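The values are calculated or read from the model by the stated rules, or taken from the named source; none is laboratory data. Bear in mind that the values here come from a model prediction, so they are computed numbers and not experimental data. Here the Cβ is made from the backbone with ideal geometry for all residues, glycine too, and neighbour counts use every protein chain on show. The protein model used for the area step is the full one, side chains on, heavy atoms only, and it has no ligands, DNA or RNA in it. Shrake-Rupley method; radii C 1.70, N 1.55, O 1.52, S 1.80 Å.
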Amino acid sequence: MLFQRLFDHIPGVYFFAKNKDGHLMFASQGLMQRYQMADESEIIGRTDFDLNPDTMAQAYVDDDRHLLAGKVKIVERIELWWDRQGIPDWFLVTKLPLLDTRRRVQGVMGVLRRPDESERQLPVFQTVAQAVEMIRRDYAKPLKIEDVARACGQSLRQLQRRFQSAFGITPQEFLLKTRVLAATRML
């Protein structure tokens, strides 16, 4: 039995491993279910571009490139991803280089999980939580980020800085990404 199968028994945790070329070598059952795949034969060998919209895939590939080149030892970030109901939500992502016995980088491994309630109380979440909920709820309506900022009691610039800090993208990009993911999901 492979140790990776342990991840199938940790609720809300998704594990993956990719080779240097970005092809999936392993995906936990939960990850396969997220992509609506019945078994490993459907997901093994696929790349981020095979599974995700191009903008999302490119961000994942860029992270992997930094790990593979040794520019960073770990990638930890908050990312937009789909929850079980198909609604965009944030997930904590941790990626590490996958090393061989000689400690040479051979790929990338990572875990994704939804932040728990205590983590959602951290300042990085609280500063954008209300705006994120508004965008998640109203992304299909005509929505102006200026109005979201005002409703949250923040200036547009404050909201932009806080989104950049939390997600690495602006609230406008978050809204666009949410809409693109929703449209992709509907297709």
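Values for this structure:
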{"quantity": "Pairs where the first residue, in region 133-148, is in contact (Cβ under 8 Å) with a residue 40 or more places away in the chain and the second is crowded, with 18+ Cβ neighbours inside 10 Å and of a type in the set (S, T, N, Q), C-beta under 7 Å, 6+ apart", "calculated": "135/178; 136/178; 139/178"}
{"quantity": "Matching residues in region 25-41 - criterion: being without any contact (Cβ under 8 Å) to a residue 24 or more places away in the chain and either part of a loop (DSSP other than H, G, I, E, B) or β-branched (Val, Ile, Thr) (or both)", "calculated": "35, 36, 37, 38, 39"}
{"quantity": "Identity of the residue in region 4-20, in contact with a strand residue (DSSP E or B) (Cβ under 7 Å, 6 or more places away or on another chain) and part of a helix (DSSP H, G or I), that ends up surrounded by the most Cβ atoms within 10 Å (Cβ to Cβ)", "calculated": "7"}
{"quantity": "Output for region 49-80, where each listed residue is loosely packed, with under 13 Cβ neighbours inside 10 Å and either among the small types (Gly, Ala, Ser) or in a loop (DSSP other than H, G, I, E, B) (or both)", "calculated": "69, 70, 71, 73, 74"}
{"quantity": "Among (1) part of a helix (DSSP H, G or I); (2) without any contact (Cβ under 8 Å) to a residue 60 or more places away in the chain, the one test that residue 46 misses", "calculated": "(1)"}
{"quantity": "Test for residue 25: is it modelled with pLDDT of 90 or more and either surrounded by 14 or more Cβ atoms within 10 Å (Cβ to Cβ) or basic (Lys, Arg) (or both)", "calculated": "yes"}
{"quantity": "Any hit, region 95-108, residues being within 18 Å of residue 18 (Cα to Cα), of a type in the set (Gly, Ala, Ser), modelled with pLDDT of 90 or more and open to solvent by less than 40 Å² (accessible area, probe 1.4 Å)", "calculated": "yes"}
